[in-house]
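Inspection log for the structure reproduced underneath, given as structure tokens.
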Amino acid sequence: MNLQIRASLRYGQDFRLEVDHDIPLTGVTGLFGRSGCGKTSLLRLIAGLERVKDASVLFGEQQWQSGRRFVPLHKRRIGLVFQEHSLLPHLSVLDNLLYGYQRTPRNLRRLHLPEVARMLGLEDLLDRRIDQLSGGQRQRVSLGRALLSSPQLLLLDEPMAALDTQTKREIMPFLTRLAVESGIPIIMVSHSPDEIQRLADRVVFMRAGAIDRIETIREAMARADSPLFDDAGAASILEGPVGEADEHGVKAFGSPQTRLWVPASHTPAAQGIVRLRVLARDVSLSLVDPQQISIQNHLAVTIERIDPPRQGRVVVACRTSDAQLLLAEITPRAVDQLGLAEGKQLFALIKSVALLG
């Protein structure tokens, strides 16, 4: 399913939003860019919170806006979650969750309380008052209330911006599970590369009121100049199953051919296929597979490309045996000494501390 948007609107004298794009709607789509680039304005247009003259918004076969036709928010069946929760303080967690559910026609109810409470870890909170919850718990209730209206589309506007670092770490696995298990397409506004890397399946890059490009997360992370590379530099996203922790407190990640060992504290709580982020600066390359070394994670890789030097460092893009992209950042001198070239087979050594759930 695609979301087709055609719109042009001006805010004040200095900002104009110009959009003429089709956005695929499977999994999680991240709207990414600097503050003020138009992400929230675009989200409000999609939601029907902005009625823009001559705009066109088409959700699959449903015409939400075109010419004089305008479908209001409540008829678009959209779930909205903002930075700050909008829960009803005089109601319990259970009553807040059921607020939208009870107002949804029975024939449109696709999600129900038991599965949503399990999905978001709310089973033990149902009898609590809202003022008895932490920030992360309140945001999970907000997500649950939106889901229980059985929306066709879930819109998240910086859902973790108001949370501290520890709370973000706690809520991230629930967002991951929500994206996988709900089956509802999600559009998420964020200016955090980390959030986009961990949650998005595709990225809509925005700048100065316009969409620069739309890429899958793999395409976005494969670019040497990716806007998703923050102060930590280039990074890779690896996907794979994760096992149970052993007696040393580490988990096996990935397929047998690309096995990595990850500290249990650095892995997501979600089941099934999960993502790990590997910083390129924490990946070394070797022509041989060293055995007597403290770095436990060694992968056989093939060089796909070598980027031009930038600030005295070179990013070497490699492919693992299961075709995942792994970036290594080394010096130009190391490139020459090792005789690195496209197609060369060698070993990538990954520090376990670089694997972030």
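The values are calculated or read from the model by the stated rules, or taken from the named source; none is laboratory data. All values derive from a computational prediction rather than experimental measurement. With ideal geometry, Cβ positions are generated from the backbone for all residues, glycine too; neighbour counts draw on all protein chains shown. Surface areas here come from the heavy atoms of the whole protein model, side chains and all, with no ligands, DNA or RNA. Shrake-Rupley method; radii C 1.70, N 1.55, O 1.52, S 1.80 Å.
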Worksheet item: When you scan region 13-48, how many residues do you find that are among the hydrophobic types (A, V, I, L, M, F, W, C) and over 28 Å from R198 (Cα atoms)?
Response: 1
Worksheet item: Which condition does E50 not pass, out of (1) more than 19 Å from M206 (Cβ to Cβ); (2) open to solvent by 30 Å² or more (accessible area, probe 1.4 Å), if it passes all the others?
Response: (1)
Worksheet item: How many residues, within region 179-234, are more than 19 Å from M160 (Cβ to Cβ) and hydrophobic (A, V, I, L, M, F, W, C)?
Response: 11
Worksheet, complete the sentence: Apart from one, (1) under 20 Å from A146 (Cα atoms); (2) modelled with pLDDT under 95 all hold for F59; the odd one out is (2)
Worksheet item: In this structure, does L88 turn out to be more than 26 Å from the chain's Cα centre (by Cα), more than 30 Å from A7 (Cα to Cα) and not acidic (D, E)?
Response: yes
Practice prompt. Considering only residues that are out of contact with any Lys or Arg (no Cβ under 8 Å at 6 or more places or on another chain) and free of Cβ contacts under 8 Å to residues at least 24 places away in the same chain, look in region 63-82 and name the one that is farthest from T104 (Cα to Cα).
Written response: G67
Practice prompt. Just give me the residues in region 125-156 being part of a helix (DSSP H, G or I), open to solvent by 60 Å² or more (accessible area, probe 1.4 Å) and in contact (Cβ under 8 Å) with a residue 12 or more places away in the chain, in sequence order.
Written response: D131, R138
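So that you can scan it fast, the table gives a plain yes or no per residue for (1) within 26 Å of the chain's Cα centre (by Cα); (2) closer than 28 Å to I23 by Cα; (3) open to solvent by 60 Å² or more (accessible area, probe 1.4 Å):
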{"position": "R69", "(1), (2), (3)": "no, yes, yes"}
{"position": "K75", "(1), (2), (3)": "no, yes, yes"}
{"position": "V81", "(1), (2), (3)": "yes, yes, no"}
{"position": "Q102", "(1), (2), (3)": "no, no, yes"}
{"position": "L113", "(1), (2), (3)": "yes, no, no"}
Worksheet entry | Any hit, region 317-327, residues being open to solvent by less than 80 Å² (accessible area, probe 1.4 Å), touching a His at 6+ places or on another chain (Cβ under 6 Å) and of a type in the set (A, V, I, L, M) | no
Item to complete: All but one of (1) modelled with pLDDT of 90 or more; (2) under 17 Å from the mean Cα position of the chain (by Cα); (3) surrounded by fewer than 19 Cβ atoms within 10 Å (Cβ to Cβ) hold for V288, so report the exception by its number.
Response: (2)
Worksheet item: Picking from L58, L45, L17, L73, which residue would you name as being of a type in the set (A, V, I, L, M) and under 18 Å from L143 (Cα atoms)?
Response: L73
Discussion item. Would you confirm, using the coordinates I've provided, whether M119 is in contact with a Lys or Arg (Cβ under 9 Å, 6 or more places away or on another chain), farther than 26 Å from R103 by Cβ and open to solvent by less than 10 Å² (accessible area, probe 1.4 Å)?
Written reply: no
Practice prompt. For V262, work out the one condition from (1) open to solvent by 50 Å² or more (accessible area, probe 1.4 Å); (2) of a type outside the set (D, E, K, R); (3) modelled with pLDDT under 90 it doesn't fulfil.
Written response: (1)
Fill in: Top-ranked residue in region 205-218 [being of a type outside the set (D, E, K, R) and not in a strand (DSSP E or B); ranked as most open to solvent (accessible area, probe 1.4 Å)]
A208
Practice prompt. Answer yes or no: is there a residue in region 28-46 that is small (G, A, S), closer than 14 Å to I5 by Cβ and crowded, with 20+ Cβ neighbours inside 10 Å.
Written response: yes
Discussion item. Among the residues in region 225-239, are any modelled with pLDDT of 90 or more, over 30 Å from I187 (Cβ atoms) and open to solvent by less than 20 Å² (accessible area, probe 1.4 Å)?
Written reply: no
Discussion item. Being closer than 23 Å to G240 by Cα, open to solvent by 80 Å² or more (accessible area, probe 1.4 Å) and free of Cβ contacts under 8 Å to residues at least 40 places away in the same chain is the requirement here; does P256 meet it?
Written reply: yes
Worksheet item: Quick check: is even one residue across region 227-243 more than 12 Å from the chain's Cα centre (by Cα) and free of Cβ contacts under 8 Å to residues at least 24 places away in the same chain?
Response: yes
Item to complete: Report yes if Q197 is under 15 Å from S86 (Cα atoms), crowded, with 21+ Cβ neighbours inside 10 Å and not hydroxyl-bearing (S, T, Y), otherwise no.
Response: no
Worksheet item: Hey, among L98, L94, which residue is farther than 20 Å from P185 by Cα, out of contact with any helix residue (DSSP H, G or I) (no Cβ under 6 Å at 6 or more places or on another chain), open to solvent by less than 40 Å² (accessible area, probe 1.4 Å) and without any contact (Cβ under 8 Å) to a residue 60 or more places away in the chain?
Response: L98
